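Okay, so here's the structure we're looking at.
The values are calculated or read from the model by the stated rules, or taken from the named source; none is laboratory data. Bear in mind that the values here come from a model prediction, so they are computed numbers and not experimental data. Please note: Cβ atoms are built from the backbone with ideal geometry, for glycine as well, and neighbour counts cover all protein chains shown.
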Amino acid sequence: MRYVKLPQENFEEFFNSLKRWGKLYAPVKKGDIYSFQNVETLSEITLDYTRTMLPPKKFFVRPKDEMLKLKEGHWEEANGTEPIVLFGVHSCDIHGLEILDKVYLSDPVDPYYKKRRENSIIIGISCMPDEYCFCKSLGTDFAMHGFDLFLHELPDGWLVRVGSVKGHEIAWGSEELFENVTEEDFHHFREFEEKRTNSFKRSLNKEGLADILDLAFDSPVWKKYERICLGCGNCNMVCPTCRCYEVCDLWINAYEAVRVRRYDSCFMETHGLVAGGHNFRPTRLDRFRHRYYCKNYFDPESGFNCVGCGRCDEFCPAKIEHVKVLDEVREGLQ
Amino acid sequence: MTFQTHEARILEVKELTSREKLFTLRFVDPGINRGFKYKPGQFVIVDIRGFGEFPISLCSTPTREGYFQLCVRRVGRMTKHMHTLKEGDIVGIRGPYGNGFPMEKMEGSTLILVAGGLGMAPLRSVLWYALDSGKYEKIYLFYGTKAYEDILFRDEVIHLLKHGEDMNCHVKLAYEVESPSCIYLEKGYSPRVCKGVVTDLFRGESFDVENTYALICGPPVMYKFVIKELLDRKLSPGRIYMTLERRMRCGVGKCGHCIVGTSTSIKYVCKDGPVFTYWDALSTRGLI
């Protein structure tokens, strides 16, 4: 890894220089929630945010996404993407994007996702956990790749990890703003990380989790939560790794149509419905359990499909807590 | 591009029953037509431009080149639209998708095809592939249908009832609703045609389980009963192949609707299937 230091007095200039590389998006506070928005000045953004409502997936798999345009009976690819800079992405969300990469960039590649990923610059930022975060227990609290630059807070500036050639070019382009990392910076970095590690209030016991969940298929805990869950699908929308989409054709006028995909949720009754009326997941119990199975599927290569960002807990109107559900299922088995 | 569809022209539309039509298609671009290689059990996504897409299994055999066929039941919004199309009309096609049946692995063995209702469509691809290639020891077709009027590919089934034995193809038919036509068939081909369900057709049959594969396709409720018959005869779960249906939007393992299984065994029916063995079903909850 290559490390450089960005002194606090140069931070604003560095931030402004990022606009050269693409449209700049950063976390902005709106009422009680944060969201990634297009920004012009540093004063608009919040650096010590907890989590945005929608994860950065919204830039790559959009809530409503035009794929193809029908013109004179032929499909044309919908127009392309513009370069973007995502500033201030937390490590859990970087891990989330890597899980999406695994799905969308595996053969056959999703062309829309790929183009947007290639046209994006990811600048990570260090964070302090709140009461919902459990990324540490999933190993997603620190990103080793998947970013171009990663900024770690220091008392007098930022320790910057350079994660890609693109990141190096960005730093190189504003070379005069950076300094070498000193022994003292390293000391501060270590101090910050230690403090952070000790600040987690929630943790997931993942010991044998995949098998325990499978064995607990008939657990009464699922049935208990079936009654609590509203089936609204909020957890799917805000999840950085939920990726189900529905496709439909919409007519713009009598001659032109677009093929659009939009987020879908496995909590919707139609998710498992096929033509003829058979539903493969007919009850909310089936659907609730399905989400937990999907999130906690253990892929030997990349781990769980959950990054512990805490969004599904924070934005659940029924106050269902992911870790608590899993712990209860685990206990119910003993 | 992954989601671009290729234009295909409808060469022929044949009414199979009051609900099902058989569409014979060919790609407009001769190059694409030549390059279109598929296996029995695979499926394509049909794109009716401006209305939507739907997945449908290929029911023709790759041994007969130059065209492909889709058997479409009028059951929902898209298939209703498909049924209005005529010869000469254009639809978009992408695919083929899915794993298909392992036809090469099964060469030299006896095949038991068990079809229920519309399940005949993908198995017809296997049937004709096996008959055309001549590389299989014996082929059984056990076909369960509601009524005489619902028999898919009726001409072909009756032809094989008559002459199948010459090709080592043993066809049996079970029907549920009695009608003069069925009774006539039963009179002609008893005991191979009988009133009952598809599992009744196993009666009196024995197989060399070391050299037999079973291929099943039918409505979800059918699998359990057919598999019981096969297991009773000690056919290994690894020799029982089933092709499954799920909601599919992308066909390539992205859209997430067809995900089955649990925390230890997530599978995409479109990409990892739609053909699975019964062993897969034993180790993946929710598959059948």
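Numerical summary
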| read-out | value |
| --- | --- |
| Some residue of the stretch B:81-103 being out of contact with any strand residue (DSSP E or B) (no Cβ under 8 Å at 6 or more places or on another chain) and of a type in the set (Lys, Arg) | no |
| Residue under evaluation A:GLU82, criteria (1) modelled with pLDDT of 95 or more; (2) part of a loop (DSSP other than H, G, I, E, B); (3) not aromatic (Phe, Trp, Tyr), criterion not met | (1) |
| Qualifying residue in the stretch B:201-209 (condition: modelled with pLDDT under 90, among the polar types (S, T, N, Q), out of contact with any Ser or Thr (no Cβ under 8 Å at 6 or more places or on another chain) and closer than 17 Å to B:ILE139 by Cα) | yes |
| Set A:GLY208, A:GLY231: member being within 11 Å of chain B (Cβ to nearest Cβ), out of contact with any Pro (no Cβ under 8 Å at 6 or more places or on another chain) and on the phi > 0 side of the Ramachandran plot | A:GLY208 |
| Subset of the stretch A:21-77 (residues that are over 24 Å from A:GLY167 (Cβ atoms), charged (D, E, K, R), more than 14 Å from every other protein chain (Cβ to nearest Cβ) and in a strand (DSSP E or B)) | A:LYS29, A:LYS30, A:LYS64 |
| Strands (runs of 3 or more DSSP E) fully within the stretch A:118-182 counting 1 or more residues that are outside the structural domain of A:ASP299 (by TED's automatic domain parsing), of a type in the set (Phe, Trp, Tyr) and surrounded by 21 or more Cβ atoms within 10 Å (Cβ to Cβ) | A:149-154, A:157-162 |
| Hits in the stretch B:192-226 (condition: assigned to a loop (DSSP other than H, G, I, E, B) and within 20 Å of the chain's Cα centre (by Cα)) | B:VAL197, B:GLY218, B:PRO219 |
| Matching residues in the stretch B:1-24 - criterion: being within 13 Å of another protein chain (Cβ to nearest Cβ), closer than 21 Å to B:PHE153 by Cβ and in a strand (DSSP E or B) | B:GLU20 |
| Residue within the stretch A:228-238 that is over 30 Å from B:GLY52 (Cβ atoms) and surrounded by fewer than 16 Cβ atoms within 10 Å (Cβ to Cβ) present | yes |
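Let's see how each residue does on (1) assigned to a loop (DSSP other than H, G, I, E, B); (2) more than 21 Å from A:LEU100 (Cα to Cα):
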position: A:ARG281; (1), (2): yes, yes
position: A:TYR292; (1), (2): no, no
position: A:GLU301; (1), (2): yes, no
position: A:VAL307; (1), (2): yes, no
position: A:CYS316; (1), (2): yes, yes
position: A:ILE320; (1), (2): yes, yes
position: A:ASP327; (1), (2): no, yes
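Per-residue answers, yes or no, for (1) among the small types (Gly, Ala, Ser); (2) touching a residue at least 40 places away in the same chain (Cβ under 8 Å); (3) in the same structural domain as B:ARG73 (by TED's automatic domain parsing):
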site	(1), (2), (3)
B:GLY116	yes, yes, no
B:THR145	no, no, no
B:PHE153	no, yes, no
B:ILE158	no, no, no
B:LYS162	no, no, no
B:SER190	yes, no, no
B:LYS195	no, no, no
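Here's the yes/no breakdown for (1) basic (Lys, Arg); (2) modelled with pLDDT of 90 or more; (3) farther than 22 Å from B:PHE101 by Cα; (4) in contact with a Leu (Cβ under 7 Å, 6 or more places away or on another chain):
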position: B:GLY117; (1), (2), (3), (4): no, yes, no, no
position: B:TYR129; (1), (2), (3), (4): no, yes, no, no
position: B:GLU149; (1), (2), (3), (4): no, yes, yes, no
position: B:ILE158; (1), (2), (3), (4): no, yes, yes, no
position: B:HIS163; (1), (2), (3), (4): no, yes, yes, no
position: B:CYS169; (1), (2), (3), (4): no, yes, no, yes
position: B:TYR175; (1), (2), (3), (4): no, yes, yes, no
position: B:PRO180; (1), (2), (3), (4): no, yes, yes, no
position: B:GLY218; (1), (2), (3), (4): no, yes, no, no
